[in-house]
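The values are calculated or read from the model by the stated rules, or taken from the named source; none is laboratory data. These numbers were taken from a predicted model, which means no experiment stands behind them. FYI the Cβ positions are ideal-geometry reconstructions off the backbone, even for glycines, and counts take in every protein chain you see. To get the accessible areas, we keep the full protein, side chains included, count just its heavy atoms, and leave off ligands, DNA and RNA. Shrake-Rupley method; radii C 1.70, N 1.55, O 1.52, S 1.80 Å.
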Amino acid sequence: MADGRRPGAGARFLYKVVKNDAMKEDPPEIYGWRVFVLAGSACFGGMLFGMDIGTIGGVLTLPAFMAKYGLNGLNKVQLADLTANITSVLQAGCFIGCFIASWVADKWGRRTALVMNGLITTIGCIFQAAGNGNLAVMYIGRFVAGVGVGGASTVTPLFVSENAPRAIRGGLTGLYQLFIATGVMLAFWINYGSLLNLSGDSTYIVPLALQALPAVLLVVSMLLTNESPRFLAKAGKWPAATSALCRVRNLKPDHPYIQSEINDMATQLKHEQELTSGSGTKDLLKEMWQIPGNRKRTSLSILLMICQQMTGTNAINYYAPQIFKNLGLKGAKVSLFATGIYGVVKMVTCATFLLFVADSLGRRKSLLWTSIAQALAMFYIGLYVRIDPPVEGKAVPPAGYFALVCIFLFAGFFQFGWGPVPWIYVSEIPAARLRGLNVAIASATQWLFNFVVARATPNMLATVGANGYGAFLIYGSFCFSFFFVAWFFVPETKGLSLEQMDELFGVAERVVEPRASTESQLYNTTRQSDMYFQQKECVVSRRCKVLYQV
């Protein structure tokens, strides 16, 4: 706004709701429609995940599916094992897909990788819809779809973070979680609508086939967008990088903001090349684990993804109809309707977080308060099921209805912290050369523990106490412990550029001239190859200041 031009309506709205220093300094032109359309297009990769979560949980309870795939007649433990196998085979494909997509994204580009993942997911969805009662075909379809879903989970936040302006990078990267929540909601209502309006095998075939819809949208939208400017810069294609950056920022190449951002990219890439001699996977792994600042970032990314999954959110996402049944709601229609409302709550609360909280309150505080809130919701559900469990044939008591409310509250709390924030962190804190590999490792960790949750939850609900009350107490205990993880290990990153993450984590290994900024101050030291980071104005607790010294 320094040039006196009146910002557009979108920028004026952002100035009102986003409170950080970068928002005050950067030109209003960069907050035009292009960056939001680009982020939304890539985030169809998140909807792949959400559609699968919501679809499979409901499909497993549909009478036609249970009859076709032999789920009828099984005892409680056998049914838990089979449903867990059908659900969790997707995660195996996702784990592998993370590393395949990372390699493709670093070799041929983020855009190419997303197109590939959309096509793979479509093929997997076709197999699932065409299974016709053959479990082997269902397993193959879910594994293949998993390769695409897992790959998209790696590349989508990477692509968005590399295109997003620093002031709203948290909100834009968090769109990934919003699209997951939207996919979950759509799938829940598709399941409910299929049960009401379709009959026979079509009640489950239609939902399984419609999982491919976001995959098709991802492919089409990515074919209409530019490649990430930071990938083009890393590949040495500076004219193309400048052109792509100008388009998404809505500025001319000679604008000071564009020149500054291009210069920051060049400076960071040059410095990274000075630190290492190669760019193969082995070289990148050495750089990731041997340089203290990079090791801290990778370790934090892995830790956050483990915590996200162990909150128990996907236990509810995958098995919501069964959980609502355990809490006293009877009938497939009633439980699927409640599941649909659960999906709406997730989507609305996630959108609210991204608009008003992610880049204002910040990442760290969001993790802290939601840890406690999630724990309290889970503890109440577990204690209700233990002390006053639902009785067959009787109405749900008031305490039971509040337990149902706690399911919805848990969904809202998760979307205000541990849902979107880990994805924001893992895509914004790595060094440029390591961003693809770091996000791949974090995504693979997420899918590994997603598999653990998906595989264990049905058995926990069947065996850990009456109506599975112990499962809720276990997940509540995990949520409570994550308060301390956030307190001791997670620094604040709102408003920092991607290039400033090196300063925050003290990654540089060479002596540099002192340079002051509002976020941090770097000092020369007598110790060879070390840089000490003294956080003076960064909003990080004292404990984090100590932990992130080199």
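Cross-link pairs exceeding 24 Å in C-alpha to C-alpha distance, out of Lys325/Lys365; Lys234/Lys286; Lys24/Lys365; Lys24/Lys296; Lys234/Lys365, comprise Lys325/Lys365; Lys24/Lys296; Lys234/Lys365. Can you give me the C-alpha center-to-center distance between region 393-468 and region 218-233, rounded to a whole angstrom? Centre-to-centre distance over Cα atoms comes out at 30 Å. Here region 335-386 and region 80-154 have alpha carbon centers that stand 28 Å from each other.
For region 213-274, the normalised intensity computed at q = 0.18, 0.19, 0.30 Å⁻¹ comes to -0.67, -0.72, -1.22 (log10 of I(q)/I(0), Debye sum over alpha carbons, equal scatterers, no solvent).
Averaged over residues, the count of other Cβ atoms within 10 Å places the peptides 454-460, 172-178 in the sequence 172-178, 454-460, highest first.
Ranking of Tyr475, Tyr401 by solvent-accessible surface, largest first: Tyr401, Tyr475 (1.4 Å probe, protein heavy atoms only, all chains present). By a 1.4 Å probe calculation restricted to protein chains, Glu25 has an accessible surface near 110 Å², given to the nearest 10.
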